[in-house]
1. Output the residue which, of all residues in region B:468-501 that are small (Gly, Ala, Ser) and assigned to a helix (DSSP H, G or I), is farthest from B:PHE344 (Cα to Cα).
2. Assuming B:HIS304 fulfils every condition listed in (1) farther than 24 Å from B:TYR447 by Cβ; (2) surrounded by fewer than 21 Cβ atoms within 10 Å (Cβ to Cβ) apart from one, which condition is it?
3. Consider only pairs whose beta carbons are under 7 Å apart and that are at least six residues apart or on different chains; among these, list those whose first residue lies in region A:238-249 and is in the same structural domain as A:SER108 (by TED's automatic domain parsing) and farther than 11 Å from A:SER211 by Cα and whose second residue is modelled with pLDDT of 80 or more and assigned to a helix (DSSP H, G or I).
4. Within region B:160-201, which residues are more than 24 Å from B:ASN212 (Cα to Cα) and surrounded by 22 or more Cβ atoms within 10 Å (Cβ to Cβ)?
5. Of the conditions (1) out of contact with any Ser or Thr (no Cβ under 9 Å at 6 or more places or on another chain); (2) under 30 Å from B:ASP76 (Cα atoms), B:PHE448 satisfies every one except a single condition; which number is it?
6. Among A:LEU161, A:LEU201, which is among the aliphatic types (A, V, I, L, M) and surrounded by 20 or more Cβ atoms within 10 Å (Cβ to Cβ)?
7. Quick check on region B:431-447. Is at least one of its residues in contact with a strand residue (DSSP E or B) (Cβ under 6 Å, 6 or more places away or on another chain) and more than 11 Å from every other protein chain (Cβ to nearest Cβ)?
8. Quick check on region B:378-406: of everything there that is of a type outside the set (Phe, Trp, Tyr), under 18 Å from B:LYS288 (Cα atoms) and in contact with a Lys or Arg (Cβ under 7 Å, 6 or more places away or on another chain), which residue is surrounded by the fewest Cβ atoms within 10 Å (Cβ to Cβ)?
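The values are calculated or read from the model by the stated rules, or taken from the named source; none is laboratory data. Computed from a predicted model, the values in this text were never measured in an experiment. Glycine gets a Cβ as well: all are built from the backbone with ideal geometry, and neighbour counts include every protein chain shown.
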Amino acid sequence: MSFRFVTRKVLAALATLAFVICFNFFLFRVVEGDPVANLFRGKNLTIEQRQELRREFGLDGSKGEQFVRYLEQTVRLNLGRSYSTNRPVRSDIWERAWPTIALVGVSSLLSAVFGVLIGIVAAWRRRSKVDYGWTGFTMATYSMPDFWLGMLLLVTFAVTLGWFPVGGITDTSSEATGIAKLFDQAHHMFLPALTLTLAYLGEYALVMRSSLLDTMREDYLTLARAKGLRDVAVRNHHAVPNALLPVVTLVAINFGFVLSGAIAVEAIYSWPGLGLLSYQALRGPDLPMLQGLFLVFSAAVIFFNLVAELLYGYLDPRVRTQ
Amino acid sequence: MRPAKLLFAATLIVVAALGIAAVAAAQSDDGKKVVLTVGLTSTSFDTLNPLVGYSVPDYDVWIPQYDTVTRKAAKDFATIPGLAESWEESNGGKTYTYKLRDGLKWSDGEPLTASDVAFTINRAREEAWQNYDAYVHNLTAKVIDDRTVEVTSSVPDPKLPGLGDTYILPEHIWGKFDAKAITKYAADDGVGSGPFVLEEFKTGQYVKMKVNPNFWEGQRPIDEIVFRLFTNPDAMVAALEKGEIDAAHNVPSEAMERLGTTTGIVAVEGNQGGFDEIAINAGSGLKKPHPALLDSRVRLAIAHAIDKQTLIDKVFLGLGSVIETLSPSPNPAWIPEIPAAEQFDFDLAKANKILDDAGYKDTNGDGVREMPGGGEPLKFSYYVRSNSDTAKPVSEYVSGWMKEIGIELDRKFVDSDQLGPVIGKGDYDMFHWGWTPYVDPDQQLSYFQCDQIAKADDPTLYNNDANWCSPAYDKLYKAQNVELDEQKRMDIVHRMLMLLRASAFYQVFALTPDLQAYRTDRFEGWLKQPAEVGPVIFSNSSPTYYNLTPVASSSSGGGGISTGAIVGIIVAAIAGVALVFYFVRRRSTAEERE
């Protein structure tokens, strides 16, 4: 890959990020609202105290002045203080990122691996019962809204059968530490992870299946068979590697959405991640928190898109010469 | 690698994990600790700093942690001894001398003295601490000796001798901060004087409190209180039914009937004076409403065309009660009695007659009345808060009834934080919203003074959301504010509320309770505040936490993962890995063999 190609892509990504930073500020201020009045409605506050709060929240002065202050701070990576927790937005986001990365990361990984396997099986035995069964199943879970699927699993496994806790990340009354605590968390993560895995599964399975079907029509597979290779060898060494290309991009792009990917599921299972944080911030509205979250979400997408583009350029030389 | 077999193996692992989880759920740990778990939803804790935190759940962390000089009785909010065992009045009711109990200690062992009390009151006044200012604005505290503190008010203050909202903070911790730093302090030191102190706060997840061994009434028989946050109300109800939690706050109304008939669970409609009203722009603000609304006969007709009982039955699912006037306090004594003959009964014929007699006729036959003498139709803007569950159905009923009396409502849907500025600018005819009052009626009553209406230089700073201005009301407000005789003060307050009601600008229609439920199998001693009608938790001074005891022979806490289950999971995991390994190996050796 040429240096120019990489520089061009990186600069384009940075430009997008700059646009997002500016856009974020106005996005939450398009509709006129008053977070201070809303958050403190019915509280024993004098009008002077409310004025003071607005100064503190950076809501005084004109939109232009507020924007300049916001830019200065954002450039210094200071995302401000949350209206609701009174703590720096940065530390709240940092703290809540890990449960999300764990949950969505594990689910993405599982759904990618399982989805690819299902896609291979379905394509290789196309129009068999196995194909119809797996494709039908993944299509069904893929087309269900994730919050609905989540509620179904919650009602079945947590409420009716009682095998899993109904929400949260740890058993709040347990004293467990170390490995026991880890298992406690895994126990809590099982249902949300299962929901997300099932929800993402279909995408990978379908892409892998159709990609492999395309590859299977290629002449070099006929040649491979003509050489006398066994079916398994043809599939594993000749068909699958070539069919994986679109899946690789899909994985890279989807990793960009790991941080923001599970708002509904986190809300259903009270999973204390970034999705839940967004959900709570919207209620204020907690403007600094929303700005911070949207910045992080967009930055993740931009970064992984850049990775996907570079990766694609590496895997497929046609891209970088265009 | 055979994908089909790998898939089969992996599916087996999932099934195995499910099975193990079932085993894990069947067992539960012995529960050496007594843990009270309270589930709550919809609002989260913000900061646990008692100076600046504002969300409702925060108070239930401060109340058990920071005892107050006087407390509010569970029954009727009467002032009862707290850290102070007695007090004496002097200076015509402006000065109170409190005698603190002997041997008071903070949870960290430091002595709690009059100096902590004076520190809290004086710093709060000087720096106008957000949550304290309304109570200490006119107060000065003076240390007489370690156990005696003298509090003087610069004006007659009917709230005294009550100091039940002034959480006394440990000076040896809070004294370190200056005026700015003190509002930013995370308040995670866990030092308090009440029965429980903060142990751990995980934003968005839970708050844990542990028992305070130095509590002056003696250590409570509960080791820990956990407030657990749910974002999914149905999951919270399920957790209560399963016994994962002992009590739930903000139970969805659909679940109340079921919980009420479940053995071992008590559903509570906790009335705290919260109410819902339909407000009409009274026109004293920045913009006038539709001219017809300035005619008291039109407002009266509207009042007779709103069926309060139907709104409660259909929209609030029967959870709530009809109210004729604003409720300024959770204590029902502050609400005046309205004779049956004077009530705004639901009577569409009467409403139509009032409008007919006043000359509002439908001259063009389109079903909407016009101003007397023709002209502008009676079409009013009505704001619906899109983030409220009840605002939309209420608006549907109300606009239906208005149609029947020849009034058209132009419904506009906005978010609460957007409605705020709209009201300030006076850019509305009607809206539906609500309030929850403090115990002392002063605050709620203060909102309807003339000087609380938004002004042109900043239309977002206001409290008077009806844009209603009545010099007679303002005069009464000032009188009740300094009236030290409770009965006389109550009479003034009742007159104020009748004035507001007679104007028909603020049509209060329902008392809206807090919906809660608790289990009876593990703890007893749940206290309603006020007696019989109030909530058991998240009430004004939540006396429940000072009173709960475990039921004899009960086990505590939801089922955690037992050691057996952990071993089971490890075994399953190893089995799973082995299974995968086996299939992979078998395939490759087979290939080599061939």
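1. B:ALA479
2. (2)
3. A:HIS238/A:TYR220; A:HIS238/A:LEU221; A:HIS238/A:ALA224; A:THR249/A:ALA308
4. Passing the criteria: B:LEU160, B:GLY162.
5. (1)
6. A:LEU201
7. Checked region B:431-447: at least one residue is in contact with a strand residue (DSSP E or B) (Cβ under 6 Å, 6 or more places away or on another chain) and more than 11 Å from every other protein chain (Cβ to nearest Cβ).
8. Among them, the one singled out is B:SER381.
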